[in-house]
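Here is the structure we will look at.
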Amino acid sequence: MSICPTDGYTDREEYGYPPPLQRKAQNLGSSTTPMDMIVNLYDNITEHEYISLGGRKDYERVREWARWLAPGSKTGVYISTDAKLDEIRPVLESCGGGPTFVYLNGHTEWSAEKKSYLATEYSAPTKDVPGVVKGVPFEVMREWIIGPSLDPIDLVLVTDICFCPNFLRLPYLACKTDGVWVWVKTEYYTEESSSYWEDRNILHFAATDEDGEAHEWESIGGIHTREFCNVKPNASLRRRLDEMQRSIDQIVPKFANGATQHAQLYSNYEADFEDEYVLRSIIHTE
């Protein structure tokens, strides 16, 4: 697929979404690196008792990890545990305004054959069709983050969501071949990719591939979130990916009836797997 600045653009008004609001974080000056955590607890869903088992564990763990990544005055932590659209949208649209770390957890739903993120106000069954939910299409979320322009973006994105696709359409995927981590081209790679992604540095750590489930437990929260935060911020990508997957492989099959889960790392460039400062470099906290 050829990538261009407006590729995948969707008219936001088609979905009836409200206009963007200002970020509700406090004291986020120009020298501050925003650490945005969107954790959906789905408290308004009563028909599925266990739809969100470990959301509170997730945000507590990520909050501490984020402060570890960017200590002191450089950290502006913004947390939403009731992730409504008017909170999600301005956070994602602000990613082009400077180096940012974003954590997003929740659930994926299908509507009109599209994968969508389940925001709080769309998670309750509709009046006319009980049990049917409405989400925010991932293609819309991509437009909020990337936008139609070619503005620079420095972003570390961590998602703990079932069936989450490479919705940013990043051209590279980290794969381990014969014990060695390498970058392979995704379906979104084109010869023009390098010019399109110039002046952008994006790493997307996804809990699983687009066909996989992201497991969570009340006692520990999401396994992807836990293992991501168990690895120190100054670890190399190779070490982070190895340690995360090793722990996931030990826990998920044992406690999820033999299931498997494979964490993914997407990137817009071929990052150095041995660089211990790659995360801090992207969000400018080195």
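The values are calculated or read from the model by the stated rules, or taken from the named source; none is laboratory data. The structure displayed is predicted, hence computed values, not measured ones. Note: ideal-geometry Cβ built from the backbone for every residue, glycine included; neighbour counts use all protein chains shown.
Looking at the stretch 196-219 only, could you name the residues that are at pLDDT below 95, farther than 21 Å from Asp272 by Cα and buried (at least 18 other Cβ atoms within 10 Å of the Cβ)?
Gly212, Ala214, His215, Glu216
Cβ-Cβ distance below 7 Å, separation of 6 or more or different chains: which pairs start in the stretch 190-203 with a residue that is at positive phi and end on one that is surrounded by 12 or more Cβ atoms within 10 Å (Cβ to Cβ) and at pLDDT below 90?
Once the first residue is at positive phi and sits in the stretch 190-203, its partners that are surrounded by 12 or more Cβ atoms within 10 Å (Cβ to Cβ) and at pLDDT below 90 give Asp199/Pro152.
Taking the conditions exactly as written (more than 14 Å from the chain's Cα centre (by Cα), more than 29 Å from Ser281 (Cα to Cα), among the hydroxyl-bearing types (Ser, Thr, Tyr) and surrounded by fewer than 22 Cβ atoms within 10 Å (Cβ to Cβ)), does Ser247 satisfy them or not?
Details: more than 14 Å from the chain's Cα centre (by Cα): yes; more than 29 Å from Ser281 (Cα to Cα): no; among the hydroxyl-bearing types (Ser, Thr, Tyr): yes; surrounded by fewer than 22 Cβ atoms within 10 Å (Cβ to Cβ): yes.
The answer is no for Ser247.
Please enumerate the residues belonging to the stretch 238-252 that are touching a helix residue (DSSP H, G or I) at 6+ places or on another chain (Cβ under 6 Å) and under 27 Å from Ser193 (Cβ atoms).
Scanning the stretch 238-252 gives a single hit, Met244.
Check whether at least one residue in the stretch 55-64 is out of contact with any strand residue (DSSP E or B) (no Cβ under 7 Å at 6 or more places or on another chain), surrounded by fewer than 16 Cβ atoms within 10 Å (Cβ to Cβ), within 29 Å of Trp197 (Cβ to Cβ) and modelled with pLDDT under 80, and report yes or no.
No, every residue in the stretch 55-64 fails to be out of contact with any strand residue (DSSP E or B) (no Cβ under 7 Å at 6 or more places or on another chain), surrounded by fewer than 16 Cβ atoms within 10 Å (Cβ to Cβ), within 29 Å of Trp197 (Cβ to Cβ) and modelled with pLDDT under 80.
Filtering the stretch 253-273 down to residues that are in contact (Cβ under 8 Å) with a residue 60 or more places away in the chain and not hydroxyl-bearing (Ser, Thr, Tyr), which residue is nearest to Tyr196 (Cα to Cα)? Don't jump to the end; show me each part of the working.
The initial filter retains those residues of the stretch 253-273 that are in contact (Cβ under 8 Å) with a residue 60 or more places away in the chain, namely 264-271, 273.
In the following step, the residues that additionally are not hydroxyl-bearing (Ser, Thr, Tyr) were identified as 264-265, 268, 270-271, 273.
Working: Gln264: 22, Leu265: 20, Asn268: 10, Glu270: 14, Ala271: 17, Phe273: 23 Å.
Checked the stretch 253-273; the qualifying residue nearest to Tyr196 (Cα to Cα) is Asn268.
Scan the stretch 77-101 residue by residue and report those that are among the hydrophobic types (A, V, I, L, M, F, W, C) and surrounded by fewer than 22 Cβ atoms within 10 Å (Cβ to Cβ).
First, pick out the residues of the stretch 77-101 that are among the hydrophobic types (A, V, I, L, M, F, W, C): 77, 79, 83, 85, 88, 91-92, 95, 101.
If the condition is that a residue be among the hydrophobic types (A, V, I, L, M, F, W, C) and surrounded by fewer than 22 Cβ atoms within 10 Å (Cβ to Cβ), then Val77, Ile79, Leu85 are the ones that fit.
Go over the candidates Ala256, Ala206, Ala271 one by one and state the one that is more than 17 Å from the chain's Cα centre (by Cα) and under 16 Å from Val158 (Cβ atoms).
Working: Ala256 fails: under 16 Å from Val158 (Cβ atoms); Ala206 fails: more than 17 Å from the chain's Cα centre (by Cα).
Among Ala256, Ala206, Ala271, only Ala271 is more than 17 Å from the chain's Cα centre (by Cα) and under 16 Å from Val158 (Cβ atoms).
Of the residues Thr285, Thr225, only one is on the phi < 0 side of the Ramachandran plot and modelled with pLDDT of 95 or more; which? It would help to see each step written out before you state the result.
Working: Thr285 fails: modelled with pLDDT of 95 or more.
Among Thr285, Thr225, only Thr225 is on the phi < 0 side of the Ramachandran plot and modelled with pLDDT of 95 or more.
Just one of (1) hydrophobic (A, V, I, L, M, F, W, C); (2) surrounded by fewer than 21 Cβ atoms within 10 Å (Cβ to Cβ); (3) modelled with pLDDT of 75 or more trips up Ala112, so point out which.
Single failed check for Ala112: (3).
Would you confirm, using the coordinates I've provided, whether Arg238 is at pLDDT below 95, surrounded by 15 or more Cβ atoms within 10 Å (Cβ to Cβ) and of a type in the set (Lys, Arg)? So that I can check it myself, show each step before the final result.
Details: at pLDDT below 95: no; surrounded by 15 or more Cβ atoms within 10 Å (Cβ to Cβ): yes; of a type in the set (Lys, Arg): yes.
Taking the combined requirement at face value, the residue does not satisfy it.
Residues being at pLDDT below 75 and hydrophobic (A, V, I, L, M, F, W, C): count how many of those fall in the stretch 80-102.
Number satisfying all stated conditions: 1.
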